[in-house]
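Input: a single structure, listed below in structure tokens.
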Amino acid sequence: MGLLIDIIGGLLLVSGAAFLLFGSLGLLRMPDVFNRIQAGTKTTTLGTLLTLAGAACLQPAWGWKLLLIGVFLIFTNPVSAQVLANTAHRRGAQKTPLTKIDQLAEDQEGKA
Amino acid sequence: MSTGKSSKWRDTVILFATLTLFWLMLSGKLDTDVLIVGAVASLIIALLYRDGLSFFTEFRFTPQAIVAGFRYYGYFLQELFKSNLKMAAIVLSPSLPITPGIVKVRTRLKSRMGRLMLANSITLTPGTLTVEMAGEWLYIHCVTLGATDIEAATAEIVSGFESYLEVMYG
């Protein structure tokens, strides 16, 4: 039983690390600030949650604290991503030419 | 959105309970001195920040809302997993197949906490990111653009989370 939990914990840790790696890869490959925020701040959510779950399997005594870290992560991570994106948009950050449509800019032009 | 005196006290009590629970999880002990320090600190913070938002602000404590809460987190984790896999596939494919854009969607939710949770949920699932909120309107940046008219985009991005949050917060 203990061995099984150890294996599950290890697998969770590795898959968490894999998602974190994809996140960093996205940060490098994405063309503009908005897409970088998407890749960089959010594939890391699942990556970190999986890492925490893996740690909880290996160290059950930390369970409550790890759960608390997860809850804080879920509530604070999107707020920071939102503020970053909002500020970038207000300051007129360059958008990749691939961008199909920007209804926010259209609406702001309408008001101005 | 009731701002009556009784609901304010209700919010304070709920905030106090939430903070005390956090304290217990963090300290991991049930000794008397630990409990007293935690309770006093929670009470002071709850009284100072009674107008702020916390997890259960505006939460409707009905059986339906609690069931919807659990189903919401189930749905949320499922979406989180699916969209992370999608994002990983995009990042790993050599051609980087993205069609980004910012679309406007509308929410039926009225409560502050409901809207906050909706915007957070949209942001947390990779591929969609809330850039701006203006009343009932949300502006969402998508890595792979779907529908661009308001109704269709709302159905695609918002409706899944909204149906649960509507029962939880209104």
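The values are calculated or read from the model by the stated rules, or taken from the named source; none is laboratory data. Since we're looking at a predicted model, the values are computed, not measured. Glycine also receives a Cβ, built like all others from the backbone with ideal geometry; neighbour counts cover every protein chain displayed. Heads up: the accessible areas ignore ligands, DNA and RNA and are worked out on the full protein's heavy atoms, side chains in. Shrake-Rupley method; radii C 1.70, N 1.55, O 1.52, S 1.80 Å.
For segment B:121-136, a residue qualifies if it is more than 8 Å from chain A (Cβ to nearest Cβ) and more than 15 Å from the chain's Cα centre (by Cα), and the qualifying residues are B:134, B:135, B:136.
Every residue in segment B:100-115 that is open to solvent by 10 Å² or more (accessible area, probe 1.4 Å) and at the interface with chain A (Cβ under 9 Å from one of its Cβ atoms), please. Residue satisfying the conditions is B:104 alone. Taking the criterion of being at pLDDT 80 or above, open to solvent by 70 Å² or more (accessible area, probe 1.4 Å) and assigned to a helix (DSSP H, G or I), the residues of segment B:7-33 that qualify are B:13, B:21, B:23, B:26, B:32, B:33. In a residue-by-residue description of segment B:85-99, the property of being surrounded by fewer than 19 Cβ atoms within 10 Å (Cβ to Cβ), of a type in the set (A, V, I, L, M, F, W, C), within 12 Å of chain A (Cβ to nearest Cβ) and within 17 Å of the chain's Cα centre (by Cα) applies to no position.
In segment A:30-57, the residues that are basic (Lys, Arg) form Cβ pairs under 7 Å with partners that are open to solvent by 30 Å² or more (accessible area, probe 1.4 Å), at six or more places apart or across chains, as follows: A:36/A:27.
Checked against (1) surrounded by 14 or more Cβ atoms within 10 Å (Cβ to Cβ); (2) at pLDDT 85 or above, residue A:7 meets all criteria but (1). When residues in segment B:124-167 are screened for being under 23 Å from residue A:87 (Cβ atoms), free of Cβ contacts under 8 Å to residues at least 12 places away in the same chain and open to solvent by 60 Å² or more (accessible area, probe 1.4 Å), 0 of them pass.
Residue-by-condition table, conditions (1) within 10 Å of chain B (Cβ to nearest Cβ); (2) closer than 20 Å to residue B:133 by Cα; (3) open to solvent by less than 70 Å² (accessible area, probe 1.4 Å); (4) among the aromatic types (Phe, Trp, Tyr):
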residue	(1), (2), (3), (4)
A:27	yes, no, no, no
A:34	yes, yes, yes, yes
A:52	no, no, yes, no
A:60	no, no, no, no
A:63	yes, no, yes, no
A:77	yes, yes, yes, no
A:81	yes, yes, yes, no
A:101	yes, yes, yes, no
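The numbered conditions (1) within 21 Å of residue A:80 (Cα to Cα); (2) modelled with pLDDT of 80 or more; (3) in contact with a helix residue (DSSP H, G or I) (Cβ under 8 Å, 6 or more places away or on another chain); (4) open to solvent by less than 30 Å² (accessible area, probe 1.4 Å) are all true for residue B:72 except (1).
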